[in-house]
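The block underneath contains the structure these notes are about, expressed in structure tokens.
The values are calculated or read from the model by the stated rules, or taken from the named source; none is laboratory data. Being a predicted model, the structure only gives us computed values, none of them experimental. With ideal geometry, Cβ positions are generated from the backbone for all residues, glycine too; neighbour counts draw on all protein chains shown. Please note that ligands, DNA and RNA were not included when accessible areas were found on the heavy atoms of the full protein model with its side chains. Shrake-Rupley method; radii C 1.70, N 1.55, O 1.52, S 1.80 Å.
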Amino acid sequence: MIDILENLNEKQKEAILITEGPVLVIAGPGSGKTRVLTHRIVYIIANKKSKPDNILAITFTNKAAGEMKKRVIFLLNSIYPKNSQRPRHVVAFNSHLVSFPVDFPTICTFHSLCVKILRKEAGVIGFKKDFVIFDSDDQKVIIKKIIKKLQIDREQFNPKAVLTEISNAKNELKTPKKYGNMVDGFFQENVSKIYNLYQRELKESHAFDFDDLIMQTIILFSNYPDVLKKYQRKFKYIMVDEYQDTNYAQYKLINLLSKKYKNIFVVGDDWQSIYKWRGADIRNILEFEKNYPGAKTVLLEQNYRSTQEILDASYSIISKNINRKEKNLFSSKKSDQPIIVYEAADEKGEAEFIVSEIAKLNVQKNVKLRDIAILYRTNAQSRSIEEMFIRYNVPYRIVGGIKFYMRKEVRNITAYFRFMQNPNDLLSFERIINIPRRGIGKTTFKKIVDAAKKEKINIIEAIVGLEHNNITKKRINSITDFANIIKECEKKMSEMKISQFLNFFLKSINYKEYIIDGTEEGKNRWENVQELFTAIEKYDKFPTKEAIKLFLEEVALATDLDNIDDNQDAATLMTLHSAKGLEYDAVFIIGLEEGLLPHSMSLDNLSEMEEERRLCYVGITRAKNKVHLIFAKVRRIFGSTQANYPSRFIADIPKHLVDFQNQGYNYLDGDASESNYINVD
């Protein structure tokens, strides 16, 4: 059995040993916050302060939750050897079944937690337990229909803008009625009408969108105190990662759950609060001691990732912020490598410099491409970098591109699976009814849906009565064939593993023939369908009906960061917002110009400027050893040519930490560079 506190520094131990009452841990970047969280979970279990299933640990991404689970599994196996005579408990981890001599704590994202609760309790608030979760594309489809139905001008009411307003309302726990009572102006008045019909559409399909998962759970807890008490009793110890990123709804959820025992342990860094644009409220961490009287605070200031020079440079930028908690970050890693500040002639020179520097890092320092990141304020900045990478054969990946599960040919299959799971899902039914083509028109579709709503039955049941609904025999046969396929698939679920079932389903609708149309694009689409087998076979250990539910939840709750392949040797391009929580040997931050970083929308707003500083701070502290800050004299972006001053953040860094360079020649001309060779072995 290992000593849980072994190899931890004194502040980490202090945080772990405070097991009772509210605790705030201010954790600087690279200070071992995940280590503290996981060791604290196992410490509480090992010292029998709580049963494992009475512990809840919440984070923001599936990737982070998976890493926490992996570490807890390792520590538990160290405490309770496999040859232990204790009875074993089986839990699911990364779609595999793992057994332990103890129950396993709940470690998940905010949204996964709410899915688990709603799967058990949805009936209380009038939803079926087999509800589906609509993604952003599903939401847009519904909003467009409602805008058309209400005869609202699409030019004035962009569906994306409407969805952003509705999302903000839900994050502030404003129901349609509450939002309607607070409208101010023409835009909000119309959004109120759309929001009301939008929620009605979700209810009829027994569906939640992403923001609903938390809001509806809070509505459940608020309206049904006995249900809340059940979960308050269950979760005696609650731990929250990245607390600075919580919005009001997430704050409220944790506040409700922790009221009985008040054993709430939050870890975060106000200096890394960069998601105000999606509702994150920095006050949640800055005012934690006020919200939880008697709270104890621990500072994790020792950094294990970056050199002291990188920490000093990042502090010089963040120290200009007023609204922050002070801490003194330090590292035992020293370096003679300064922060490189590079002045490029334009965005092309910026990209040339990056390729040249990557070659030097790769050849001279043996830095792998996977350990290099290029970060930017807006997605539009990646274009020139991509073009140069393609020209010089530099493998790269972009975080935030089209997700695999968003591809049309894959979405069709997941829509079928969603409909099998929930035959009330009108949106999925509309998507799949003519895939492959069945000749079912809008009139027939409407008759089916109207019958289902009128009789309060599901779609498959409504199809049975169609012969009495003035529909041609041909269309009756076509829609009946569809219903029979769904029924047959439901029967086969109990006989096959999910990967076998997927193969059976694809053949039953002749999907290959539908996808492959003789073009190269058709072949590529079918290859994407084949890749789905790789994604889904990890669920083969579960009964197929349960496997489909787990698979659909994974698809619905996945984030861009969950899809990063750490084994792929390619440079990573991403926005600064996407980079938080990650680390690289070398980091390039491009576009350090006034109006870009900091963004033009922040120049006259103190609060927004402070967030821009935090954003730059996050970018710099992703680096272990090497930081490059790049600005251009002239930049062609957003369809215009701009000549902006260098970012004020560059001027904040003391000169002794900086090596200033500029574009004196083309790094990629002739023999001037080693960048014609990129080692990807």
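General remarks:
- For the chain, carbon and sulfur atoms together expose 48% of the accessible surface, with a 1.4 angstrom probe and every protein chain in place.
- Based on C-alpha pairs under 8 angstrom that are at least 6 apart in sequence, segment 325-414 has a relative contact order of 24 percent.
- Shape analysis of segment 574-650 yields a ratio of the Cα radius of gyration to the Kirkwood radius, Rg/Rh, of 0.97.
- Hull shadow area, averaged, segment 473-518 [alpha-carbon convex hull, nm²]: 3.9
- Lysine pairs in segment 1-84 whose alpha-carbon atoms fall under 17 angstrom of each other, counting only those eight or more residues apart or on distinct chains, come to 8.
- Cα long-axis angle, helix 606-620 against the chain (0 to 90 degrees, to the nearest 10): 80
- Among the listed pairs Lys129/Lys236; Lys229/Lys492; Lys259/Lys456, those beyond 29 Å (Cα-Cα): Lys229/Lys492; Lys259/Lys456
- Here the chain is described by how far its Cα atoms reach on the three principal axes: 84, 63, 59 Å, from widest to narrowest.
- Of Leu56, Gly32, Thr19, farthest towards positive along the dipole that unit charges on Lys, Arg, Asp, Glu beta carbons give segment 1-57: Leu56
- Considering all C-alpha pairs of segment 279-340, those separated by over 17 Å amount to 55%.
- Against the empirical 2.2 N^0.38 Å (N residues), segment 241-350 has a Cα radius of gyration ratio of 1.38.
- Per-q log10 I(q)/I(0), segment 514-563, q = 0.13, 0.14, 0.27 Å⁻¹ (Debye; single scatterer per alpha-carbon; no solvent): -0.43, -0.49, -0.97
- The equivalent ellipsoid that matches the C-alpha gyration tensor of segment 296-429 spans semi-axes of 39, 27, 15 angstrom, in descending order.
- Projected over all directions and averaged, the alpha-carbon convex hull of segment 149-285 occupies 9.8 nm².
- 22 Å Cα-Cα reach of Lys655 towards lysines, excluding residues that sit fewer than 8 places from it in its own chain: Lys320, Lys333, Lys334, Lys624, Lys626, Lys633
- Cβ-placed point charges (K, R +1; D, E -1), dipole of segment 129-199 about Cα centre in debye, nearest 20: 220
- Calculated [222 nm] ellipticity per residue, helices only, for the chain: -14000 deg cm²/dmol; basis is -39500 (n - 2.57) per DSSP H run with n ≥ 4, divided by all residues, nearest 500.
- Pairs of alpha carbons in segment 496-606 separated by more than 23 Å make up 57% of all such pairs.
- Size of electric dipole in segment 212-323: Cβ of Lys, Arg +1 and of Asp, Glu -1, about Cα centre, debye, nearest 20: 800
- Cα-based Rg and Dmax for segment 241-300, where Dmax is the largest Cα-Cα distance (Å): 11.2, 33
- Evaluated at q = 0.12, 0.21 Å⁻¹, the base-10 log of the normalised Debye intensity for segment 430-588, with identical point scatterers placed on the Cα atoms, takes the values -0.76, -1.34.
- Accessible solvent surface per residue of the chain, calculated while the other protein chains remain in place, 1.4 angstrom probe, Å²: 45
- The alpha carbons of segment 118-228 stretch over 45, 27, 17 Å along the principal axes, in descending order.
- Kirkwood estimate for segment 375-505, i.e. one over the average of 1/r between Cα atoms, Å: 17.7
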